[in-house]
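What follows is calculated from the coordinates using simple rules that are stated; it is not laboratory data. Bear in mind that the values here come from a model prediction, so they are computed numbers and not experimental data. Don't worry about glycine lacking a Cβ; one is built from the backbone with ideal geometry, like all the others, and counts go over all protein chains shown.
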Amino acid sequence: MLSFGLAKRGLKLAAAGMFACTIAFTAVSSFTYENVSGASVSQPDIDKHSYFDDWYAVAPTTSGIVRLDDGGYMTFKIREWYNSEEPYIVEYYDSSFNLVSIKEIDEELPYFGCFYADSNYYYVFTGQENPKESADVECFRLTKYDKDWKRLGSCGFYNCNTIGPFIFGAADMVSYGDRMVIRVSRQMYKSTDGLNHQSNATFLADTSTMKPIAYEGQTCGHCFNSYVKIDGNRLIAADQGDCFPRAMQIVSYQGDITTYKNFNAKHDYYYPLEFGGSYENDRNYTGACLGGLEVSSTSYIIVGNSADQNNFSSDIDEDYDDTACGRNIFVSTVNKSSGECKTTWLTTNATRTSGYYNPYIVKVNDNSFCVIWSKTGIENTVYYAFIDGNGNLQGSILSGSGFITKCQPVLSGNRIIWFGDEINNMYQWRWDDFEYRTFLYSINVSDKSFSSKGLFETDVTCSKHGTATLSRLKASPGTDITVNVKPDDGYELDLITVNGTKIEGTGFKMPNDFADVKVFFKKEGAPSIGDTVTVDDLVYTVMNSDTDGYGTVAVSGVANQTENVIIPNTVVINECTYTVNRIAAQAFMKDTTVKTVVIGANVVVIDAKAFYGCSYLVKVSGGAKVVTIGQTAFGGCPRLKVFSIGSPVLKKISPYAFYGDKSLKTIYIQKTTKLTKAGVKKSLKGSKVKTVKVKKAKVKKYKKYFTKKNCGRKVKVKK
């Protein structure tokens, strides 16, 4: 149960004192504008519009979508609704829903309640804790912005019987002319019983002056969700309560909202769906979820999900899994003329392991509405149906491949749209370094078809000596992306890779995946990555073109045959120094001249068949940093007698490394301490090696690795 009590319904709390109003103007320069190619800050919002994840009460909606005048879209999102100390993230998309820019908006009060857009302005409603029950604390704040997110002012609500904003509930707001109504859930001042009760509250503000007009205390005890709408010039509200009332509640406010100076006018209360069980048994759990409120020409309409309340037991534990309730989707209506309440069930087949969740309602016109929901245990499926203004089903229940998210669907032209963020594992928290997708979901109200469009994120990183940006921050597969590069003076573009593959030019099409773009610059005139250059007797292939001492090359061939090969530590190419850290595959294969090889101190990898078939090779030494010896790297060398690698970091001798070497009886690896059993599997198979010399301290362990069963040959392991 809740850890705080609640006064009986008859004990309605009065408005506490006068309001204070704060209006502050902040220049647009106080905001941070970003056109970045990295991940925007948010978190996955799939399956968050239900009480399935939030126990029995909803949490504030953390995202929203707005259709812009130019045909594009704007999305609003935050990372956390409570004390996140993070900016609000605004993303702008073109008409094809390709991301073109990101903007960060400074946070207001630390607890986020809701976002609202009308035809001219944006609004954000926030709150903060007031544990000392001070009349001087700004418990709630309504902030107004223009369409470029310039902060125009704020309206503060003080001394409103609140210690905790949005506790066990959320907030919703609606505007009518220059009137803004906000309905919230909150935790109140300590009552005479010593407990801090929870209820709803309603605020009215003048958005032309950004001053408060009226405040109303609780009209619903233990209010777990609320919605507000305007019917003509009348305020309509819906709440879910677990005790006073223990029902879904619709409230019709009498009088013209534009003349309100307080909320003392008559209210009409309706309870279209009452809950089983009893709050007297300390049960907050209702087995239900309020999903939305709308107004037709004839009725007030709410949607939600619920267990069979006729058989609902008050003994159900409040933290019991929602799926035990077998929830179905309902539509409840109140006839405006007669006050008659009616509940229609859109689904009836929910079970304890397969219920329906995340209900939304979207108004198409005065006599047509779309109800949207999902189903437990069925991933990536959206269900939807159209109802008339009296809650009657029109046609059949339809479905499409997609997700319900925390974003309230909105009508845009002839489409109902919403968006959501998803990572690789949709139920895993996403931080900035995870790849993720944004989906735009759409229901065509003309033909009732469903569609979704996925956008993958792009990211770009650069080597030194230049910068790069991308033309799209997110894009759907097949979209053309341009990499805009700007080398530093004296440098030029070397190459661009997308997910590890080199592209031609500076443009590519968005893959069906996250696009990891890497841009490499080099000194003007320096070789490019992949170029081959001959220095002295050896041929080198450029692996990394960084010319500040971090460039690397691999020995890839022989220009002039020589008996004694010394792999250098570094090589100078066009007055730039490169580290030689690799001997490429087949670099010396079947060379008939080389007799001795000294591996340079910077070589890390000796690739497969690097010295395969060197018929006159007798001795190999050096290699202070070699980590990997590739498959058959020294195979087919019948005269090889001495193999001595002085690397303490050698981890892998690949299979058949010395295959067919008739003269090699002993290999010396006396400095290595990193070998594993898997690292020497089949390494000596096909060889004539009899002895492996290792470090004294490793003899006992390496004997277990160099067995005939594992390494492919019976040998002695000695110090």
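Tell me the relative contact order for region 28-455 as a rounded percent, counting alpha carbon contacts under 8 Å between residues six or more apart. Let's see the in-between values first.
Working: 1173 pairs, mean separation 52.8, N = 428.
Worked out over region 28-455, it gives 12 percent.
For residue 190, give me every one of the lysines with a C-alpha distance below 16 angstrom, ignoring sequence neighbours fewer than eight places off in its own chain.
8, 12, 132
Looking at the square roots a ≥ b ≥ c of the eigenvalues of the Cα gyration tensor of region 566-689, which shape do they give, rounded for a/c under 1.5, prolate if a/b is larger than b/c, or oblate?
In terms of gyration-tensor shape, oblate.
Going down the list 150/363; 609/682; 651/714; 464/674; 103/474, which pairs span over 25 Å between their C-alpha atoms?
150/363; 464/674
For a footprinting-style exposure proxy, rank 370, 220 by other Cβ within 10 Å, fewest first.
Going from sparsest to densest Cβ surroundings: 370, 220.
What ranking of 405, 532 emerges when the number of other C-beta atoms within 10 Å of each C-beta is taken as an exposure proxy, fewest first? Walk me through the intermediate numbers first.
Working: 405 27, 532 13.
Ordered by Cβ neighbours within 10 Å, fewest first: 532, 405.
Can you give me the distance in nm between label points at residue 353 and residue 195, each placed 7 Å from the Cα along the Cα-to-Cβ direction?
About 3.8 nm separates the two model spin labels.
In sequence order, what are the phi-derived ³J(HN,Hα) couplings for region 648-653 according to the Karplus relation 6.51 cos²θ - 1.76 cosθ + 1.60 with θ = phi - 60°, rounded to whole Hz, with x for glycine and proline?
Coupling constants for region 648-653: x, 10, 4, 10, 9, 10 Hz.
For region 473-523, just say rounded, prolate or oblate: build the C-alpha gyration tensor, square-root its eigenvalues into a ≥ b ≥ c, call rounded for a/c under 1.5, and beyond that prolate if a/b exceeds b/c, oblate if not. It would help to have the intermediate numbers written out before the result.
Details: a/c = 2.77, a/b = 2.17, b/c = 1.27.
Taking the square roots of the gyration eigenvalues as a ≥ b ≥ c, region 473-523 is prolate.
Of the listed values (i) 1.31; (ii) 1.02; (iii) 0.94, identify the label whose number matches Cα Rg over 2.2 N^0.38 Å calculated from this model.
(i)
Find, to one decimal place in angstroms, the Kirkwood hydrodynamic radius of region 28-455, where the mean of 1/r is taken over every pair of different Cα atoms and then inverted.
Kirkwood hydrodynamic radius for region 28-455: 21.9 Å.
Out of all DSSP beta bridges in the chain, what portion is antiparallel? Express it as a percent rounded to 5.
85 percent
With a/c under 1.5 counting as rounded, go ahead and sort region 457-585 into rounded, prolate or oblate using the C-alpha gyration tensor (a ≥ b ≥ c being the square roots of the eigenvalues; past the cut-off, prolate if a/b is larger than b/c, else oblate).
On the way: a/c = 3.24, a/b = 2.09, b/c = 1.55.
Because a/c hits 1.5 or more and a/b exceeds b/c, region 457-585 counts as prolate.
Run lengths n ≥ 4 of DSSP H only: what is the helix-derived mean residue ellipticity at 222 nm for the chain, with -39500 (n - 2.57) per run over all residues, to the nearest 500?
Values: 2 runs with 11 residues, N = 719.
My calculation for the chain gives -500 deg cm²/dmol from helical runs alone.
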